[in-house]
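J.: My questions all concern the structure below.
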Amino acid sequence: MKRRVLPGLPLSLGITLVYVAIIVVLPLAALVFKAASLGPEDYWRIVSSDRAVASYRITVLCAFAATLFNLVFGLALAWILVRYRFPGRRIVDALVDLPFALPTAVAGISLTTLFAANGWFGAPLSAIGIKVAYTPLGIMIAMAFTSLPFVVRTVQPVLEELDPALEEAGQTLGAGDLSIFVRVILPLLTPALLAGVSLSFARSLGEFGAIIFIAGNQPMETEITALLAFIRLEEYDYPASAAIASVMLVTAFVMLALTNLMQARALRYTARA
Amino acid sequence: MSAGKNRRPSRVGDAPLFRRILLSVVLLFVAIVIVAPLLVIGVQAFSMGVTYFGATIAHPDTRHAILLTVVTALVAVPVNTVFGIAAAWAITKFDFPGRRLLLVVIEIPFSVSPIVAGVAYLFVYGLQGLFGPALQAAEVKILFALPGIVIASMFVTAPFVARELIPLMQAQGRDLEEAATSLGASGWRTFFSVTLPNIKWALLYGVVLCNSRVMGEFGAVSVVSGNIRGQTNTLPLHIELLYHDYNAVGAFAAASILAMLAILTLIAKVALERQGAGRIRRPSSLAGTEPQPSEAKP
């Protein structure tokens, strides 16, 4: 039995393809083309230069630390939002999305002011010898802030759907709270946690606006890869900028594939539960 | 614990002491990580008095930055909305080869760093790019001008409307539209009287989030705008400029406008979520184009 075909395919698909081609595919293809036109030797020399490698290391390490923080804090935040009732819960729930709603430049100057040596948090921290602003710690905080909602928002729905009977079964069998959490609840949350973590990590790798204010931007020390691509551009070193940006692009594609894999798994898991 | 047999056994983590400690620790972190950054914007913005705040906002450069930001949004958001609707209609109402690939491509901007996007645009429209020389010969200015800012904003927000509509329209199926057209309604009529009422909240949700991102975009726009004071500075770029001019108070005054926008966005988001928007999220582009088993009910 053939389905009746709705009208509008040529128009809607036409608009979609033209838009995607001009806005998304063309610039990325141009970037890849530019990077490819360098030739393998020049390309390798640029992307494996000391300064570039240092920037990868800083970016990846800080993103890793920020993601680890968000894993723990995001899980705890999702937990209190779903399991506990307290005054202001809805406001906290709405505020979780603030890092997505607040422009990154605004977040950048705001976090820098808070964590600078004379800031609300920077002053007490520097009194005990911890410098945050203009150090990798600052980069980590900016990354943690901008990717905060991911873990919360992926874990929250799974936690809401969790069957209380599973916990009761554990309790009847004599297991303590910690044991039930580790052996029953955590495994059920793992796919959602992994999905949230991979999104959070990917976002941290590409973040720019919030970081450049707080980072200090010292080459080899507090310079992230996105900034290096930007600096090469300002120096009119276009091939270097293209090469470094292409490394970020490839990383983004790898992360995209990975997050999709994680999310597909998380989804299958939710569907089965 | 064993106060009565009828009582539901307390759930994991409900022990009063544990509960209190966890709640306090998490809320403390919420205050530090989320509330304080918001609060400090207001405090800093007014730290030199209301008059100074007013003077910063009324400064021609700030006013021009606001204007440029609004104009960018007025162009980018509607165009993006039309694209989002077209993409959702094509992908959910028809079967064609390459549908899944199209879904993935639409979501690419979501995972690409805004800086990469900005750099990529230079290699299309810049002098060292594909069309640069031809554009210069024709005296068409795209980069370091409004068109560049608009298209860079379109790149970073390309998935925003589509990703709200696609899962919803997927779940709603095609039956209603098919009934309408079989009763003789035209395609446009079907869309406006059948489809649109069913997707209006999700559409508005996507538009609100898209607008928020366009008005706040920094990375991509800072690459393509050229940062010319009083000419190609959007509000986020203007904030950076003031901040690096050692005018932190001015920067925060300008930032407070965007912070207000963020708060309004959050309020609109909550209100729209109460109407059911944002519920059916297709968490992934590769997870499949079939209706999600867990949430497939229209």
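The values are calculated or read from the model by the stated rules, or taken from the named source; none is laboratory data. Treat the numbers as computed from the prediction; the structure is a model and nothing was measured. Don't worry about glycine lacking a Cβ; one is built from the backbone with ideal geometry, like all the others, and counts go over all protein chains shown.
J.: Which of the following residues is of a type outside the set (D, E, K, R), in a loop (DSSP other than H, G, I, E, B) and touching a Lys or Arg at 6+ places or on another chain (Cβ under 8 Å): A:94, A:117, A:133?
T.: Criteria check complete, one pass: A:117.
J.: From the list B:34, B:85, B:41, which one is within 30 Å of residue A:17 (Cβ to Cβ), of a type outside the set (Ser, Thr, Tyr), within 11 Å of another protein chain (Cβ to nearest Cβ) and out of contact with any Gly (no Cβ under 8 Å at 6 or more places or on another chain)?
T.: B:85
For every residue, the table says whether it meets (1) in contact (Cβ under 8 Å) with a residue 24 or more places away in the chain; (2) at the interface with chain B (Cβ under 7 Å from one of its Cβ atoms).
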position	(1), (2)
A:191	yes, no
A:210	yes, no
A:224	yes, no
A:230	no, yes
A:250	no, no
A:258	yes, no
A:264	no, yes
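J.: While we're looking at this one, here's another question. Just to be sure, is residue B:14 assigned to a loop (DSSP other than H, G, I, E, B) and over 30 Å from residue B:203 (Cα atoms)?
T.: yes
J.: If you don't mind, another one. Could you list, in sequence order, all residues of the stretch A:162-181 that are assigned to a helix (DSSP H, G or I) and either of a type outside the set (D, E, K, R) or touching a helix residue (DSSP H, G or I) at 6+ places or on another chain (Cβ under 7 Å) (or both)?
T.: A:164, A:165, A:166, A:167, A:169, A:170, A:171, A:172, A:178, A:179, A:180, A:181
J.: So, one more: Within the stretch A:27-47, take every residue that is surrounded by 19 or more Cβ atoms within 10 Å (Cβ to Cβ) and within 18 Å of residue B:118 (Cα to Cα) and give me the one that is farthest from the other protein chains (Cβ to nearest Cβ).
T.: Going through the qualifying residues, I end up with A:35.
J.: Residues A:257, A:243, A:252, A:264: which one is crowded, with 24+ Cβ neighbours inside 10 Å, of a type in the set (A, V, I, L, M, F, W, C) and part of a helix (DSSP H, G or I)?
T.: Of the residues listed, the single one that is crowded, with 24+ Cβ neighbours inside 10 Å, of a type in the set (A, V, I, L, M, F, W, C) and part of a helix (DSSP H, G or I) is A:243.
J.: Counting just the residues of the stretch A:167-181 that are hydrophobic (A, V, I, L, M, F, W, C) and more than 10 Å from every other protein chain (Cβ to nearest Cβ), which one comes out farthest from residue B:278 (Cα to Cα)?
T.: The selected residue is A:173.
J.: More than 9 Å from chain B (Cβ to nearest Cβ), touching a residue at least 40 places away in the same chain (Cβ under 8 Å), under 28 Å from the mean Cα position of the chain (by Cα) and in a helix (DSSP H, G or I): does that describe residue A:51?
T.: When the stated conditions are applied, residue A:51 passes them.
J.: Out of the stretch B:88-101, which residues are in a helix (DSSP H, G or I) and more than 7 Å from chain A (Cβ to nearest Cβ)?
T.: B:88, B:91, B:92, B:99, B:100, B:101, listed by residue number.
J.: Here is a list: B:286, B:264, B:196. Which entry is over 25 Å from residue A:111 (Cβ atoms), at pLDDT 90 or above and not charged (D, E, K, R)?
T.: Result of the check over B:286, B:264, B:196: B:196.
J.: Mind listing just one residue for me: the one in the stretch B:111-129 that is more than 7 Å from every other protein chain (Cβ to nearest Cβ) and not in a helix (DSSP H, G or I) and, of those, modelled with the lowest pLDDT?
T.: Residue satisfying both the conditions and the ranking: B:127.
J.: Within the stretch B:130-150, restricting attention to residues that are in a helix (DSSP H, G or I) and touching a residue at least 40 places away in the same chain (Cβ under 8 Å), which residue is nearest to residue A:37 (Cα to Cα)?
T.: Filtering first and then ranking leaves B:148.
J.: Please find, among B:42, B:84, the residue that is in a helix (DSSP H, G or I), touching a helix residue (DSSP H, G or I) at 6+ places or on another chain (Cβ under 9 Å) and surrounded by fewer than 22 Cβ atoms within 10 Å (Cβ to Cβ).
T.: B:42
J.: Among the residues of the stretch A:70-129, how many are among the hydroxyl-bearing types (Ser, Thr, Tyr), free of Cβ contacts under 8 Å to residues at least 40 places away in the same chain and either within 27 Å of residue B:211 (Cβ to Cβ) or more than 7 Å from every other protein chain (Cβ to nearest Cβ) (or both)?
T.: 3
J.: Also: Just checking: which of the helices (runs of 4 or more DSSP H) contained wholly in the stretch B:173-234 hold 1 or more residues that are out of contact with any Cys (no Cβ under 7 Å at 6 or more places or on another chain) and at positive phi?
T.: Counting at least 1 such residues, we get no helices (runs of 4 or more DSSP H) at all.
J.: Here's a follow-up. Can you name every residue in the stretch B:206-227 that is over 19 Å from the mean Cα position of the chain (by Cα) and within 14 Å of residue B:69 (Cα to Cα)?
T.: Answer for the stretch B:206-227, where residues must be over 19 Å from the mean Cα position of the chain (by Cα) and within 14 Å of residue B:69 (Cα to Cα): B:225, B:227.
J.: If the requirement is being surrounded by fewer than 21 Cβ atoms within 10 Å (Cβ to Cβ) and facing chain A (nearest Cβ under 10 Å), which of these qualifies: B:185, B:145?
T.: Selected residue: B:185, the only one of B:185, B:145 that is surrounded by fewer than 21 Cβ atoms within 10 Å (Cβ to Cβ) and facing chain A (nearest Cβ under 10 Å).
J.: Which condition breaks for residue B:74 when tested against (1) at pLDDT below 95; (2) in a helix (DSSP H, G or I); (3) surrounded by fewer than 18 Cβ atoms within 10 Å (Cβ to Cβ)?
T.: Going through (1) at pLDDT below 95; (2) in a helix (DSSP H, G or I); (3) surrounded by fewer than 18 Cβ atoms within 10 Å (Cβ to Cβ) one by one, residue B:74 breaks only (1).
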